[in-house]
1. Just to confirm the filter: which chymotrypsin sites (Phe, Trp or Tyr not before Pro) across segment 1-92 are DSSP coil and have at most 16 other Cβ within 10 angstrom of their Cβ?
2. Keeping the other protein chains in place, figure out the carbon and sulfur percent of the accessible area of segment 128-177, with a 1.4 Å probe.
3. Spin-label point model (7 Å from Cα, Cβ direction): what's the Asn134 to Phe24 distance in nm?
4. As an exercise, identify the trypsin sites (Lys or Arg not before Pro) in segment 1-99 lying in DSSP coil whose Cβ has no more than 15 other Cβ atoms within 10 Å.
5. Can you compute 3J(HN,Hα) from phi for each residue in segment 267-280, using the Karplus curve 6.51 cos²θ - 1.76 cosθ + 1.60 with θ = phi - 60°, rounded to whole Hz and x for Gly and Pro?
6. Please give the FRET efficiency for Ile240 paired with Glu418, using the beta carbon to beta carbon distance and R0 = 41 Å, rounded to the nearest 0.05.
7. Given 0.36 nm per residue, what is the gain on full extension from Asn41 to Lys261 after removing their alpha carbon distance, in nm?
8. Can you give the local net charge around Lys369? Use residues other than it whose beta-carbon is closer than 15 angstrom to its beta-carbon, Lys and Arg +1, Asp and Glu -1.
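The values are calculated or read from the model by the stated rules, or taken from the named source; none is laboratory data. Model, not experiment: these values are computed from the prediction. Every residue, glycine among them, receives a Cβ derived from its backbone with ideal geometry; neighbour counts consider all protein chains shown. Accessible surface is based on the protein model in full, side chains and every heavy atom, while ligands, DNA and RNA are left aside. Shrake-Rupley method; radii C 1.70, N 1.55, O 1.52, S 1.80 Å.
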Amino acid sequence: MSWGTELWDQFENLDKHTQWGIDFLERYAKFVKERLDIEQNYAKQLRNLVKKYCPKRSKDEEPRFTSCLSFYSILNELNDYAGQREVVAEEMTHKVYGELMRYSQDLKAERKHHLQEGRKAQQYLDHCWKQMDNSKRKFERECKEAEKSQVTYDRLDNDINATKSEVEKAKAQFYLRTHMADESKNEYAAQLQNFNAEQWKHFNNAIPHIFKNLQDMDERRTVKLSETYRSFAEAERRVIPIISKCLDGMVAAAKSVDQRKDSTIVVESFKSGFEPPGDFPFEDFSQNLSRTGSDGTISNTPKGDRDRDGAPGPRSDPKHPMSRTKNKLWLFGKKPKAPSLEDFSHLPPEQRRKRLQQRIDELSKELQKEMDQRDALNKMKDVYEKNPQMGDPSSLQPKISETICNMEKLRSEIHKNETWLSEVEGKQSSRGDRRHSADNHHHTPQGRESPEGSYTDDTSQEHHTPHQRSGPPQPGHPNPDPHEFDDEFDDDDPLPVIGHCKALYSFDGQNEGTLVMAEDEVLYIIEEDKGDGWTRARKQSGEEGYVPTSYVEITLEKNSKGAVTYI
């Protein structure tokens, strides 16, 4: 249906309707704006969440567990998902919200133009109507005046007392008014004819044309809303395949979790390479007691064993760990952290071996890159020598020399690390051989427990000939006791001093069995580092405990281990 023919008299209502249509379009645009703001905030919060839980450590320090790697994969997929939400917001911004706002401005301008044309046509018709109405009123007034003049003339013409001049004057006035009435009648007729013509044009041409333009504008607005509704949905539909891939990636990451592989990584990460401690020997404290036939057997040692030995057993050293009542094993304690050393000597043997091997591999890769670069530069130099117009061969020499220097440095580093690696592998091999030999000779291997709860062997302190000690050992002599726990102290029988040390760093000694020391403080050494990174020391006040070997500068006495000073 056409608005021009059906709604010719509804100009004001159409004015209101078209304004409502533009308001509705802007309301939908506002809805889209809030929707894309939600998408942008959602994407931003997702990215912040991913950033918060992404590892902030270097790749070497990142966990290698499949559960961790799967979680990081999920974070990456979630980050991609957030990117797709941003794509949705961008699509809605440009193809929906921006388009609606531009179209709204165009509609407002077009509506204003059509309504102005309608008002102008209405104003012109009103003007014609006023002219016609004025001519009509004038004609009415002239007719009334003509009637009055006729009555006056008739009255004076029939009055015998009226003079001839009065009658002639009334007659002339009557003729004048009658003439003016006729002219007003003609003018009124012309204005009426003109108004009727303009009114026909107004309601049959001008208004239908204006209303048709308003109808077209409103229908285009409706179509535009339909298109933006579709664009709103399409913006979401376009990202569904990528979002599905993100979700599939999350599911694949979940399936890649392998509990057995994680358990293997735990073993590889924390394996120290130390051997577990052996069995503790039985200590017979009754061998020095006098026996008579009536006393019976006092010793816990079977009689057959005593007869077979033929001699009393060795006297137990009061420092044997089984005779102690105070046990300070740090199986679950926190290890005091020492500064990392270049040769990784602060690590257990197995971990040190792995770190050194890793460093050698990295240096080998860097060396290969430098070698490739050298070869490339030499080839380029040969090309320049054969074709001087392409470049100066001497210009490449500084770069070649620099590359060769870098290669020498890398080879030196590789050799140094390989030396350390050979040292670690040799120690592990010799330790295994010594333990195997000790087991074959039925000697219990003597273990030493570090503050971490890991064990190291010290075969240099093994003694096959028992001895008795009449008093505390004198300073300057090593402690020959083969059964000494690192975390135990005997206030009644102190260990001998074998050297002294100076603290390079302060150490708080918060864990049980450690010793608090201040920077530059001088301590006595009573037991060397057995390979676990801890040295046993004594303060001048007599307090004993363990300190990190890397925290102190140690000087051993000549009559203990030789004149050796190291850091």
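1. Here the chymotrypsin sites (Phe, Trp or Tyr not before Pro) that fit, given the DSSP loop and packing criteria, are Trp8.
2. 49
3. A separation of 4.4 nm, rounded to one decimal place.
4. Of the trypsin sites (Lys or Arg not before Pro), the ones in loops of segment 1-99 whose Cβ has at most 15 other Cβ atoms within 10 Å are Lys56, Arg57, Lys59, Arg64.
5. Coupling constants for segment 267-280: 5, 5, 6, 10, 5, 8, x, 6, 7, x, x, x, 6, 7 Hz.
6. Given R0 = 41 Å and the Cβ-Cβ separation, E is 0.15.
7. 75.3 nm
8. Net charge around Lys369: -4.
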